[in-house]
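Undergrad: The following block contains the structure, expressed as structure tokens.
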Amino acid sequence: MRALRLPGWKTQPELVDVDEPTPGPGQVVVKIGGAGACHSDLHLMHDFDAGAVPWNPPFILGHENAGWVHALGAGVTGLEVGQPVAVYGPWGCGVCARCRVGAENYCENPAAAPVPGGGGGLGLDGGMAEYELVPAARFVVPLPDGLDPVRAAPLTDAGLTPYHAIRRSWSKLPPGSTAVVIGVGGLGHIAVQILKATTATRVIAVDTRAEALRLAEEGGADLTLRSGADTAEEIRAATGGRGADVVLDFVGAEATMRLGAAAARTLGDLTIVGIAGGTLPVNFFSVPYELSIQTTYWGSRPELIEVLELGARGLVRPKTTTYGLDDALRAYAQMQDGTLEGRAVIVP
Ligand code: NAD
Ligand code: ZN
């Protein structure tokens, strides 16, 4: 089968021919219907060196996947060939306390996981291929009625990651509150929709690109701001001087982290999701009192089921553009130069 493989750190992926996977005991092969292209893949191609994460290329890209069950390994029950499914991406050990409650993104025994701290498309072969080998049946989540694999694929990362970040801040998002989304790309545009679908907060979206802000408006953002030197002041002005209750940074650069800290409210949350490599110096007087600053990584299996439900009910609708495997490099190039709207989904 054909596949898009990352051969090494700081290299371009290449189209290769590889053998079709066959499932061992307990495993599932998924026929890929859609594999989302994530900005994290650009970080793998351009920014990461050996040692940055506990796994290494080569592997087939694509950590945001959905399709149909193609083949079941010995002992797998409860799934049927042809059934539409999403693939839960962070593959943990399955038996530690965190994995047992479905938070395999924070597995506590990564040495016993299929790959430590990664998954398909992140250390092991992923979904930018005709088929993906999924090492355990619990990573295969049946799609609810009304959701096709192309729309489901982005929900498994570009949806699940913001959903997890937003869900942990729900208690700070009552009516009258304000949430700021910085970076309205693949993750950010779905974050706007999730905020509107699951809370009554007012949503302010910030991006450098006018097209991204249009996408935020389509998703229900109440106010959109082109980021610049005055953005923190504009957010304060729009919140009666108080600042935002929750800031979600889907860029993670120096400038956006500083903006987040400057725009946040006392007792607020600043959640850093983007991994652009910025740092935020903190001293006693440089950030609002009791501002909680945290990073988040992906989401849990129960949360994926909830996001898929939002998708099936039409409450969250990723904006997708589809590309063939031959065109995958063009999708990444467009993401890089800012001409991609929403999420690129590779349909092999
Ligand atoms: P994307 O390229 O689709 O979107 C990024 C958006 O940020 C674009 O709209 C861009 O115009 C905007 N942007 C860039 N610089 C900006 C700035 N200075 N101010 C305002 N807006 C700016 O990327 P994506 O796939 O949505 O991923 C976003 C980030 O999240 C990446 O760093 C990715 O690696 C990371 N990520 C993290 C997790 C996690 O679990 N923490 C999961 C997936 C992706
Ligand atoms: Zn990702």
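Undergrad: Can you tell which of 132, 108, 80 is over 22 Å from residue 252 (Cβ atoms), buried (at least 23 other Cβ atoms within 10 Å of the Cβ) and acidic (Asp, Glu)? So that I can check it myself, show each step before the final result.
TA: Values: 108 fails: buried (at least 23 other Cβ atoms within 10 Å of the Cβ); 80 fails: buried (at least 23 other Cβ atoms within 10 Å of the Cβ).
It is 132.
Undergrad: Of the conditions (1) within 15 Å of ligand 1 (Cβ to nearest atom); (2) within 27 Å of residue 237 (Cβ to Cβ); (3) in contact with an Asp or Glu (Cβ under 9 Å, 6 or more places away or on another chain), residue 194 clears all except one; give me its number.
TA: (3)
Undergrad: Taking the range 204-235 as the search range and keeping residues that are among the β-branched types (Val, Ile, Thr) and surrounded by 24 or more Cβ atoms within 10 Å (Cβ to Cβ), which one is nearest to the chain's Cα centre (by Cα)?
TA: Checked the range 204-235; the qualifying residue nearest to the chain's Cα centre (by Cα) is 206.
Yes/no per residue for (1) at pLDDT 95 or above; (2) touching a strand residue (DSSP E or B) at 6+ places or on another chain (Cβ under 8 Å); (3) of a type in the set (A, V, I, L, M):
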position: 45; (1), (2), (3): yes, yes, yes
position: 49; (1), (2), (3): no, no, no
position: 52; (1), (2), (3): no, no, yes
position: 58; (1), (2), (3): yes, yes, no
position: 62; (1), (2), (3): yes, yes, no
position: 68; (1), (2), (3): yes, yes, no
position: 83; (1), (2), (3): yes, yes, no
position: 89; (1), (2), (3): yes, yes, no
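Undergrad: Go through the range 18-43 and give me each residue that's in contact with a strand residue (DSSP E or B) (Cβ under 6 Å, 6 or more places away or on another chain) and either in a strand (DSSP E or B) or within 16 Å of ligand 1 (Cβ to nearest atom) (or both).
TA: 28, 29, 30, 31, 32, 33, 34, 35, 36, 37
Undergrad: Still on this structure, please answer the following. What tally of residues in the range 277-300 results from selecting those that are surrounded by fewer than 20 Cβ atoms within 10 Å (Cβ to Cβ) and under 14 Å from the mean Cα position of the chain (by Cα)?
TA: Of the residues in that region, 3 qualify.
Undergrad: Then there is this: Please list, ordered by residue number, the strands (runs of 3 or more DSSP E) wholly in the range 126-201 having 1 or more residues that are among the aromatic types (Phe, Trp, Tyr).
TA: Details: elements: 131-134, 140-142, 178-182.
Counting at least 1 such residues, we get 131-134.
Undergrad: Test of understanding: among 113, 86, 137, which residue is surrounded by 17 or more Cβ atoms within 10 Å (Cβ to Cβ) and in contact with a Phe, Trp or Tyr (Cβ under 8 Å, 6 or more places away or on another chain)? Walk me through it before giving the result.
TA: Details: 86 fails: in contact with a Phe, Trp or Tyr (Cβ under 8 Å, 6 or more places away or on another chain); 137 fails: in contact with a Phe, Trp or Tyr (Cβ under 8 Å, 6 or more places away or on another chain).
Only one candidate qualifies: 113.
Undergrad: Being closer than 16 Å to residue 187 by Cα and either away from ligand 2 (no atom under 16 Å from the Cβ) or at pLDDT below 95 (or both) is the filter here; which residues of the range 272-309 pass it?
TA: Within the range 272-309, just 308 meets the criteria.
Undergrad: Mind telling me which of the residues 67, 51, 33 ends up being away from ligand 2 (no atom under 16 Å from the Cβ), free of Cβ contacts under 8 Å to residues at least 60 places away in the same chain and not charged (D, E, K, R)?
TA: Numbers: 67 fails: free of Cβ contacts under 8 Å to residues at least 60 places away in the same chain; 33 fails: free of Cβ contacts under 8 Å to residues at least 60 places away in the same chain.
Only one candidate qualifies: 51.
The values are calculated or read from the model by the stated rules, or taken from the named source; none is laboratory data. Note that the structure is predicted; figures quoted are calculated from it, not measured. Counting neighbours? That spans all protein chains shown, and the Cβs are built from the backbone with ideal geometry, glycine included.
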